[in-house]
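Peer 1: Sharing a structure, written as structure tokens. Questions coming.
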Amino acid sequence: MSVPVPPELTVVADTIAAERQILEHLLFRLVEARLVLSADETRFIAQATREVEDVVSALRTSERSRSVAVDQLAVRLGVKNEEVTLGYLVANSPEPYATIFRHHREAISDLAVEIEQLTVENRRLATVAARNVSDTLDAIIGSAPVTTYTAVGRTSDRSTVLQTTLDEVL
């Protein structure tokens, strides 16, 4: 005779599966953002960032749902909710749940490593992109007012001279 499975265990398993899918989606969006940054496609950086933020928001919502589901399972099992980790679920759940939770734990651990690595790489690429934009702007308008001489010998700051030159060209 098998031990009845509390319905809360199924809810936790389903919630963790959904959260794992969101993590996969986050990884995809981070890869997408890395490609945009690597290609120096600055016009798409805001969109890629917004898409990552949308997935992070969905992840936060999922984390809250998981927390509620774990709290309910902990009450049902008569343990503190802090004890109900994936390790606990692997060790204390009947099959096939123990295997399901073990697979989730391994996959989520791998995803966390990949997400962290991509986040670090994306930050590095974003810093380079921001520096390139700053350098370009400095070349066009200067980083600080610099006094120069106009063609007639009057002093003027460099940005005014450049603006006049750009206006003349346009």
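The values are calculated or read from the model by the stated rules, or taken from the named source; none is laboratory data. What you see is a predicted model, and the numbers here were worked out from it, not measured in a lab. Please note: Cβ atoms are built from the backbone with ideal geometry, for glycine as well, and neighbour counts cover all protein chains shown. Protein only, heavy atoms only, side chains kept; ligands, DNA and RNA dropped before computing areas. Shrake-Rupley method; radii C 1.70, N 1.55, O 1.52, S 1.80 Å.
Peer 1: Would you mind pulling out the separation of the Cα centroids of the stretch 50-87 and the stretch 17-37, in Å?
Peer 2: Using only Cα atoms to place each centre, the spacing works out to 19 Å.
Peer 1: While we're here: If you count only protein heavy atoms and use a 1.4 Å probe, how large is the accessible surface of Asp40, to the nearest 10 Å²?
Peer 2: 90
Peer 1: Once amide H atoms are placed 1.01 Å from N in the peptide plane, what residues at a sequence separation of 5 or more from Val84, or on another chain, have their amide H within under 5 Å of its amide H?
Peer 2: Sorted by chain and number, the residues that satisfy this come to none at all.
Peer 1: Heavy atoms of the protein only, probe of 1.4 Å, neighbouring chains included. What is the accessible area of His25 in Å², nearest 10?
Peer 2: Counting only protein heavy atoms, the figure is 80 Å².
Peer 1: How charged is the neighbourhood of Arg76? Take every other residue with its Cβ under 15 Å from the Cβ of Arg76, and add Lys/Arg as +1 and Asp/Glu as -1.
Peer 2: So the environment of Arg76 carries a net charge of -2.
Peer 1: Right, something else. Given an 8 Å cut-off on Cα distances and at least 6 residues of separation, report the relative contact order of the stretch 1-81 as a percent. Could the numbers behind the result be given before it?
Peer 2: Working: 49 pairs, mean separation 34.2, N = 81.
Value for the stretch 1-81: 42 percent.
Peer 1: So what is the accessible area of the stretch 45-139 per residue, in Å², with the probe set to 1.4 Å? Provide the component values of the computation, followed by the final result.
Peer 2: Details: 5970 Å² over 95 residues.
Averaged over the residues of the stretch 45-139, the accessible area is 63 Å².
Peer 1: Given a 1.4 Å probe and heavy atoms of the protein chains only, how would you sort Phe28, Phe101, Phe44, largest accessible area at the top? List each step's numbers first, then the result.
Peer 2: Values: Phe28 115, Phe101 0, Phe44 85 Å².
Highest to lowest solvent-accessible surface, that is Phe28, Phe44, Phe101.
Peer 1: Can you give the FRET efficiency to the nearest 0.05 for Asp110 and Thr10, using r as the Cβ-Cβ distance and R₀ = 30 Å?
Peer 2: On the way: r = 24 Å, r/R0 = 0.81.
Taking R0 as 30 Å, the efficiency between Asp110 and Thr10 is 0.80.
Peer 1: If I ignore ligands, DNA and RNA and count only protein heavy atoms, how much of Glu82 is accessible to a 1.4 Å probe, in Å² to the nearest 10?
Peer 2: 130
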